[in-house]
Amino acid sequence: MTGVVAVLITTFLASAVEAIEMVTIVVGVGATRGWRSTLIGAASGFGVLAMVVVVLGAALSQVPIGPLRLIVGALLLTFGLQWFRKGIMRVAARGLAGIGGQDPHETAEWTGPGMDWTAWFLSFKGVVLEGLEVAFIVVTFGAGSNQLGAAVVGGVGALVIIGAIGFSLHQTVRRIPRSLLQLIVGVLLSTFGSFWAIEGLGIEWPGGDAAIPGLLVLYAATALTYITLERNRALGLRPAA
Amino acid sequence: MRPPLSWIVAIARFLYEFIVGDDWTMAASVAIGLVLSALLNANHIAAWWLIPVIVVLMLGISLRRASGRQR
């Protein structure tokens, strides 16, 4: 059984990775086009995401735990490996740099009357596209651990915290090392994905749940090794024969 | 291509990009690894080690291929 703390940490970090870009888009659009339409667009986007979580969560809750763990584990592992790989490449290339980009407050504010549908759409699209991955992780991770409530709390908690940072300290949110967070989440998703997929096949792990920290250490060591190799490769260095 | 066929293709393409991403060999390796694990288990052979080994090896192969493409 996966502990509530592990569920909270994984969904919080996964949500934080996407929330950084989501908040940057919303703050950027709000600062340039005006806040009212932007915030309505963001709220509409969150409405769509909430529906995705409810519908997908209800569908997965009907599946028995054995097959569910196999399906969820295989999906999380496949999906987590994407973030694992991207995280290694980005940390190797850029280290702990944030996402950077232009300050959204450097451009003038749009002051047209009524609803600004461009702002609404840009904000809505930003929230839905960036949030879809979070919704997927929250639902599958919550269903696999049988703790959907904790998974939702972790995901929403990160959105609230990153959102608050984004609105109060506009520059700070873009300095958060997103690539490193993506790598950490990739390692966590691959760990739990591997564990659940194998468990779902009816195969016992040596030591039961104690295998989870073992997998975590193996994948973290793999990440460090590949980051070092990628950096050396980028610098044109070759290991001594 | 006309709707609804174009919608089905668009949804399938989105799901493929979303789950599989830009290196299909990683997803294929996971699928093959799970099938092999099930076969080993059915023959009473320990199989828990196979997926972690595939993860470590395939990450290395995929990263090497990606950095080769960047050159």
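The values are calculated or read from the model by the stated rules, or taken from the named source; none is laboratory data. Quick caveat, the model's predicted, so the values are computed rather than measured. Heads up, the Cβs are rebuilt from the backbone with ideal geometry, glycines too, and the neighbour counts pull from every protein chain shown.
Could you run through the range B:28-49 and say how many residues are outside any loop (DSSP other than H, G, I, E, B) and either of a type in the set (S, T, N, Q) or under 17 Å from A:Phe192 (Cβ atoms) (or both)?
Initial filter on the range B:28-49 (outside any loop (DSSP other than H, G, I, E, B)): B:28-42.
Then drop every residue that is not either of a type in the set (S, T, N, Q) or under 17 Å from A:Phe192 (Cβ atoms) (or both), which leaves B:29-30, B:33-34, B:37, B:41.
Qualifying residue count for the region: 6.
Can you name the residue in the range B:28-53 that is more than 9 Å from chain A (Cβ to nearest Cβ) and β-branched (Val, Ile, Thr) and is also nearest to A:Ile88 (Cα to Cα) among such residues?
Top of the filtered list is B:Val53.
Going residue by residue through the range A:28-38, is there one that turns out to be among the hydrophobic types (A, V, I, L, M, F, W, C), crowded, with 20+ Cβ neighbours inside 10 Å and either more than 27 Å from A:Leu180 (Cα to Cα) or touching a residue at least 12 places away in the same chain (Cβ under 8 Å) (or both)?
Pass one, the range A:28-38, residues among the hydrophobic types (A, V, I, L, M, F, W, C): A:29, A:31, A:35.
If we keep only those that are crowded, with 20+ Cβ neighbours inside 10 Å as well, we get A:29.
Then drop every residue that is not either more than 27 Å from A:Leu180 (Cα to Cα) or touching a residue at least 12 places away in the same chain (Cβ under 8 Å) (or both), which leaves A:29.
So far as the range A:28-38 goes, yes, one or more of its residues are among the hydrophobic types (A, V, I, L, M, F, W, C), crowded, with 20+ Cβ neighbours inside 10 Å and either more than 27 Å from A:Leu180 (Cα to Cα) or touching a residue at least 12 places away in the same chain (Cβ under 8 Å) (or both).
Of the conditions (1) in contact with a Leu (Cβ under 8 Å, 6 or more places away or on another chain); (2) modelled with pLDDT of 80 or more, A:Val53 fails just one. Which one is it?
Against the list (1) in contact with a Leu (Cβ under 8 Å, 6 or more places away or on another chain); (2) modelled with pLDDT of 80 or more, A:Val53 comes up short only on (1).
Out of the residues in the range A:193-218 meeting the condition of being in contact (Cβ under 8 Å) with a residue 24 or more places away in the chain and at the interface with chain B (Cβ under 7 Å from one of its Cβ atoms), tell me which one is farthest from the chain's Cα centre (by Cα). Lay out the reasoning, then the answer.
Applying the first criterion (in contact (Cβ under 8 Å) with a residue 24 or more places away in the chain) to the range A:193-218 yields A:193-202, A:209, A:212, A:215-216.
With at the interface with chain B (Cβ under 7 Å from one of its Cβ atoms) added as a condition, the list becomes A:194, A:197-198, A:201-202, A:215.
Details: A:Ser194: 18, A:Ala197: 20, A:Ile198: 23, A:Leu201: 27, A:Gly202: 29, A:Leu215: 20 Å.
Filtering first and then ranking leaves A:Gly202.
Can you pull out the residues in the range A:121-169 that are buried (at least 21 other Cβ atoms within 10 Å of the Cβ) and polar (S, T, N, Q)?
A:Ser123, A:Thr140, A:Ser145, A:Gln147
Pull up the range B:16-27, narrow it to residues that are assigned to a helix (DSSP H, G or I) and at the interface with chain A (Cβ under 7 Å from one of its Cβ atoms), then point me to the one that is nearest to the chain's Cα centre (by Cα).
Filtering the range B:16-27 for residues assigned to a helix (DSSP H, G or I) gives B:16-19, B:24-27.
Now narrow it down to the ones that are at the interface with chain A (Cβ under 7 Å from one of its Cβ atoms): B:19, B:26-27.
Numbers: B:Ile19: 9, B:Met26: 4, B:Ala27: 0 Å.
Of everything passing the filter in the range B:16-27, B:Ala27 is nearest to the chain's Cα centre (by Cα).
With respect to B:Arg13, determine if the residue is more than 7 Å from every other protein chain (Cβ to nearest Cβ), of a type in the set (Lys, Arg), assigned to a helix (DSSP H, G or I) and within 22 Å of A:Ile227 (Cβ to Cβ).
Working: more than 7 Å from every other protein chain (Cβ to nearest Cβ): yes; of a type in the set (Lys, Arg): yes; assigned to a helix (DSSP H, G or I): yes; within 22 Å of A:Ile227 (Cβ to Cβ): no.
Here the answer is no, as B:Arg13 does not meet what is asked.
Any idea how many residues of the range A:201-220 are assigned to a helix (DSSP H, G or I) and either surrounded by fewer than 21 Cβ atoms within 10 Å (Cβ to Cβ) or of a type in the set (Val, Ile, Thr) (or both)? Walk me through it before giving the result.
Just the residues of the range A:201-220 that are assigned to a helix (DSSP H, G or I), to begin with: A:208-220.
Applying the additional criterion that residues be either surrounded by fewer than 21 Cβ atoms within 10 Å (Cβ to Cβ) or of a type in the set (Val, Ile, Thr) (or both) yields A:208-214, A:216-218, A:220.
The total comes to 11.
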